[in-house]
Amino acid sequence: MTERKRILVSWVGHADLLALASESSDAQRQRVCKAIGKPVPRDVGVGPIKTVVANCDFGEVHLIADGPDWLLKAYVKWLDGRAKMHTVKLPDPTDYAAVFHAADKVLAKAARPDTDLWIALSSGTPAMAATLVLLGKSRYPARFLQTYRGKTNETEIPFDLTVDYVPELLQDPDAKLQLLADKSPAEVEGFDAIVGDSQPIRLAVGRAKRAAVRDVSVLLLGESGVGKELFAQAIHSASARRDGPFVAVNCAAMPKDLLESILFGHKKGAFTGATADHAGAFEEADGGTLFLDEFGECDPDMQAKLLRVLQPGPKDPPCRRTFRRVGDTKDRLADVRIVAATNRDPQIEISEGRLREDLFYRIATITLRIPALRDRRSDLPKIADTLLTRINAEFEKGEPGYTHKQLSAAAKRFMAQQPWPGNVRQLNNTLVQAAVMCTSNTIGKPDLEAAMSDLSGTAGSANPLERALGDGFDLQGHLEDIHRHFLRRAMEEAEGVKTKAAELLGLKSYQTLDAQLKRLGVDSCCEASRCGTYLASIHCRRQYKEQ
């Protein structure tokens, strides 16, 4: 890995401009002091910025200032032309909103995944320093410098917004999270490949978008087939790393004895068959995102090695990874953001000793749950149409003259009634088989029933009381599935009002219903919001008042 470029960003303050004046001619000195409204200086030194530049080596220096062009050009020249000046217009240097937007715009250009960002805090107004701290501890992870009596020191900021506060905000089951669901996936940059417009998918996308802009690890939770890799790709596309590589590794699909080589690479001769040096996924993802699907499937030894790699040094940026190729004797560095996924309950895996707790907390800086297909039933017709369009296009490639299939209204109604335990993957397979076997241009309900029966061994509408015994049948689990079915049905028929749903089920109170919803993990509000906080909808406001 090549050496990373160090970038400095700083506001230009009056102390810096007075330092320029002190070393200028008499006429220039008077002109500078008049421009900034300060008296002629006496022995002010070289100022904070020149002190930092003189004491530290930076590949780029970006300065932000509000002032006449001649003055700012003179200051850059005084710094030996070693800086790029970003001129802004501030109505008031203490206006936090204006200062924030100006600094954010410059940092967005200066901060890049393959660089180390440093921010100098000694120049400018308190508002300028405060906004730089907020941006440097959240959107643009950085290290901070201050000057004192001609010396430059790194300043430790004793909190981390992305670790200490952002996860709490994203997981807060408060009605304010409804604001995250104000846009459909098609309206959110980077997430347009995600199909649907239901409240659960809107909320999942809103949370993922918030997480995308922070350079922290993300853990995606959800059942198999819900589209966790699609969300991982969307998070990458919506982040500052969008121009870097996106590398996906399915930890469950890789042989355990080869996973270390796949992730970290190997040297020639490290083991039988290693005929050449090989770069692993961490090196390939340098400057971008590494998606670790089913990371909990790694064995204990591999989990320990992952933990070491994912733990940055005390002064390292959050995404700096130090690792060693199999058979190598030297460490390598990479700048990699981790997005991981699992379809299991991490807390159960930890309690049963299959997942290291410290690895979970290292990866799960932010956790996002992707809703199951049965919890976003209103999206089913649009998802099915999108999948069928892709299926038609693929069939047309291999069969000139192929006639595109479409779904009948009865078929769409039938789909909306199914639980789809395999989620989008199961729906896609069902549509593929129905499209192949259907003899007309329209796929009807019987075609879907036949496809589901062939794929699962039981018809989609089969009586749950007649399920075959043996072959992995789980009575307790099956009874709980039936229980969940009626809980969801009651919530839907009661339009999200728990007191009414409790009456439909013959329960004594909504508290009893609420306890059952939580015990069985059933989403409790309107189209199944996991947090139960869609208070912006009419039904939820009514429910909230009743409780």
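Checked against (1) in a helix (DSSP H, G or I); (2) within 15 Å of LEU517 (Cα to Cα); (3) modelled with pLDDT under 85, SER453 passes all but a single condition, namely (2). The strands (runs of 3 or more DSSP E) found wholly in region 257-368 and carrying at least 2 residues that are farther than 30 Å from GLU223 by Cβ occupy 320-323, 332-342.
Looking at PHE291, PHE323, can you tell me which residue is hydrophobic (A, V, I, L, M, F, W, C), surrounded by 18 or more Cβ atoms within 10 Å (Cβ to Cβ) and within 18 Å of ARG241 (Cβ to Cβ)? Don't jump to the end; show me each part of the working.
Details: PHE323 fails: within 18 Å of ARG241 (Cβ to Cβ).
Answer to the selection: PHE291.
So which of PRO48, PRO91, PRO41 ends up being in contact with a helix residue (DSSP H, G or I) (Cβ under 8 Å, 6 or more places away or on another chain) and surrounded by fewer than 13 Cβ atoms within 10 Å (Cβ to Cβ)?
Working: PRO48 fails: surrounded by fewer than 13 Cβ atoms within 10 Å (Cβ to Cβ); PRO41 fails: surrounded by fewer than 13 Cβ atoms within 10 Å (Cβ to Cβ).
That would be PRO91, the only listed residue that is in contact with a helix residue (DSSP H, G or I) (Cβ under 8 Å, 6 or more places away or on another chain) and surrounded by fewer than 13 Cβ atoms within 10 Å (Cβ to Cβ).
Within region 204-226, the set of residues being surrounded by fewer than 24 Cβ atoms within 10 Å (Cβ to Cβ), of a type outside the set (D, E, K, R) and without any contact (Cβ under 8 Å) to a residue 40 or more places away in the chain comprises GLY206 only.
Considering only region 176-194, I want to know if a residue exists there that is under 23 Å from ASP358 (Cα atoms), surrounded by fewer than 19 Cβ atoms within 10 Å (Cβ to Cβ) and at pLDDT below 90.
Taking region 176-194 and keeping what is under 23 Å from ASP358 (Cα atoms), we get none.
No - not one qualifying residue is present in region 176-194.
When LEU263 is tested against (1) over 30 Å from HIS485 (Cβ atoms); (2) modelled with pLDDT under 95, only condition (2) is not met.
Scanning region 235-248 for residues that are part of a strand (DSSP E or B) and either out of contact with any Gly (no Cβ under 9 Å at 6 or more places or on another chain) or hydroxyl-bearing (Ser, Thr, Tyr) (or both) returns a single hit, ALA248. Could you check region 268-287 and list, in sequence order, the residues that are surrounded by 22 or more Cβ atoms within 10 Å (Cβ to Cβ) and either of a type in the set (Lys, Arg) or touching a Pro at 6+ places or on another chain (Cβ under 6 Å) (or both)? Residue satisfying the conditions is ALA285 alone. Pairs are defined by a Cβ separation below 8 Å, a sequence spacing of at least 6 or placement on different chains, a first member in region 317-338 that is more than 19 Å from PHE295 (Cα to Cα), and a second member that is β-branched (Val, Ile, Thr) and in a strand (DSSP E or B); the pairs so defined are ASP331/THR322; ARG332/THR322; LEU333/THR322. Can you find a residue in region 414-421 that is within 26 Å of ILE482 (Cβ to Cβ), in contact with a strand residue (DSSP E or B) (Cβ under 9 Å, 6 or more places away or on another chain) and not in a loop (DSSP other than H, G, I, E, B)? Yes, because at least one residue in region 414-421 is within 26 Å of ILE482 (Cβ to Cβ), in contact with a strand residue (DSSP E or B) (Cβ under 9 Å, 6 or more places away or on another chain) and not in a loop (DSSP other than H, G, I, E, B). Against the list (1) at pLDDT 90 or above; (2) on the phi > 0 side of the Ramachandran plot, the condition GLY273 fails is (1).
Scan region 269-280 and tell me whether some residue there is in contact with a Lys or Arg (Cβ under 6 Å, 6 or more places away or on another chain) and without any contact (Cβ under 8 Å) to a residue 12 or more places away in the chain. Yes, the conditions are met somewhere in region 269-280. Of all residues in region 435-446, those that are under 17 Å from PRO381 (Cα atoms) and crowded, with 17+ Cβ neighbours inside 10 Å have Cβ atoms under 7 Å from Cβ atoms of residues that are at pLDDT 90 or above and among the aromatic types (Phe, Trp, Tyr), 6 or more apart or on another chain, in ALA435/PHE395.
All of (1) crowded, with 19+ Cβ neighbours inside 10 Å; (2) under 24 Å from PRO381 (Cα atoms) hold for GLU229 with one exception: (1). Can you pull out every residue in region 1-22 that is surrounded by fewer than 16 Cβ atoms within 10 Å (Cβ to Cβ) and of a type outside the set (S, T, N, Q)? Those that are surrounded by fewer than 16 Cβ atoms within 10 Å (Cβ to Cβ) and of a type outside the set (S, T, N, Q): MET1, GLU3, LYS5.
The values are calculated or read from the model by the stated rules, or taken from the named source; none is laboratory data. Given the structure is predicted, the values throughout are model-derived calculations rather than measurements. All Cβ positions, even for glycine, are placed from backbone atoms using ideal geometry, and neighbour counts span all protein chains on display.
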